[in-house]
Amino acid sequence: MAKISIVLATFNEEKNLPECLESVKNLASEIVIVDGTSTDKTVDVAKRFKANVHVTDNPQIFHINKQKAIDLATSDWILQLDADERVTKELEDEIKEKIHNKSDVNGYWIPRKNLFLGRFLMKGGQYPDYTLRLYKKGKGKLPQKDVHEQAVVDGKTEFLNNPLIHIADPSFSRYIKRFGRYTDLLATQMKEKKDANNPVAPLQYLIVKPSWWFLLTYVRHKGFMDSWQGLVFSFFSSLRFPISYIKYLKNA
């Protein structure tokens with residue numbers, strides 16, 4: 001029967017990691033974790049679940065460590081997770097069915113439900129939020145260039161039905177912390193690509209892009225149906241453009 005490796009990259013995830021690993025204990029043939037030198041008890045938690053742990057540095061583009069974990073996996077299939085994600089019993093059963101059935105499919109897109117301030121966002125373009133996380137060993141690779149990139153799979157891919165649960169932002173403080181890291185990375189990318197170094201950049205990043213994003217998520221994709229959480233999400237996610245641009249100017 002086909003075996004599956006659960007792979008993660010972690011940094012200071014002692015609170016999230018136990019529930020994540022508990023959700024895959026009946027699915028995993030092995031657990032591989034690349035840790036970015038956590039200062040909490042993340043590594044101790046991982047070892048308690050008998051994970052194969054490798055400690056390294058903590059790069060700004062976290063997908064670099066995710067790819068290291070993928071490369072260390074030894075099973076037939078790889079399921080790449082984040083510590084704040086949970087595999088439900090329904091998703092577990094669907095994954096088992098797919099990997100045990102011999103086929104020419106090399107990867108599967110998994111729908112994802114994202115928790116934001118106590119509510120799973122179902123509108124605003126936030127669901128089904130398909131992410132390519134399940135693939136055969138040697139067939140999937142991360143580009144390691146952007147925080148929201150997808151894996152690239154060689155060959156045929158299909159879609160699963162049952163969602164992965166993402167405890168993304170249970171509190172506003174966590175959201176702001178992740179928001180800060182994300183805008184730091186966007187500012188760095190602006191500097192590297194020099195795409196903000198033009199006369200119309202202030203207009204684009206301070207007015208056009210944030211306005212377009214808010215109208216896209218809140219109006220066109222009906223974010224208003226997600227109550228006040230939908231409004232907060234659309235507004236603050238639109239602010240990533242001006243904030244990243246201001247950080248870029250500060251460090252230019």
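Every number here is computed from the coordinates shown, using simple stated rules; none is lab data. This one's a predicted model, so the numbers in the text were calculated from it and none came from an experiment. Ideal geometry is used to build each Cβ from the backbone, glycine not excepted, and the neighbour counts take in all protein chains shown.
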### Task
Could you compute the FRET efficiency for residue 220 and residue 177, with r as their C-beta to C-beta distance and R0 at 35 Å, rounded to 0.05?
0.75
### Message
Assuming 0.36 nm per residue, please report the length gained on full extension of the stretch residue 1 to residue 194 beyond their Cα-Cα distance.
### Response
64.5 nm
#### Entry: Amide H contacts of residue 137 (H built 1.01 Å from N, under 5 Å, at least 5 apart or other chain)
77, 78
#### Entry: the chain - charge dipole about Cα centre, Lys and Arg +1 at Cβ, Asp and Glu -1, debye rounded to 20
480 debye
## Note on the structure
Here the net charge surrounding residue 109, from other residues whose Cβ is less than 13 Å away from its Cβ (Lys, Arg +1; Asp, Glu -1), is +1
### Rg/Rg_globular for region 109-215, with Rg_globular taken as 2.2 N^0.38 Å and Rg from C-alpha atoms
1.30
### Query
What list of ³J(HN,Hα) values in whole Hz, one per residue of region 65-81 in order, does the Karplus curve 6.51 cos²θ - 1.76 cosθ + 1.60 (θ = phi - 60°) give from phi, with Gly and Pro shown as x?
6, 4, 5, 4, 5, 4, 5, 7, 5, 10, 7, 5, 10, 10, 10, 8, 10
#### Entry: Whole-Hz couplings from phi, Karplus 6.51/-1.76/1.60, listed for region 204-215; x for Gly and Pro
5, 7, 8, 10, 5, 5, x, 5, 4, 5, 4, 5
### Query
If eta is 1.002 mPa s and T is 20 °C, what Stokes-Einstein diffusion coefficient results for region 171-251, Kirkwood Rh from Cα pairs, in µm²/s?
161 µm²/s
### Task
Compute the convex hull volume of the Cα atoms of the chain, divide it by the residue count, and report the result per residue in Å³ as a whole number.
134 Å³
#### Entry: Nearest 10 degrees, 0 to 90: helix 227-238 Cα axis against the chain principal axis
70 degrees
### Task
Calculate, in nm to one decimal, what residue 154 and residue 201 gain on full extension: separation in residues at 0.36 nm each, minus their alpha carbon distance.
13.2 nm
### Summary
Along the dipole axis of the chain (charges at Cβ: +1 for Lys and Arg, -1 for Asp and Glu; origin at the Cα centre), the most positive-end residue among 124, 143, 101 is 124
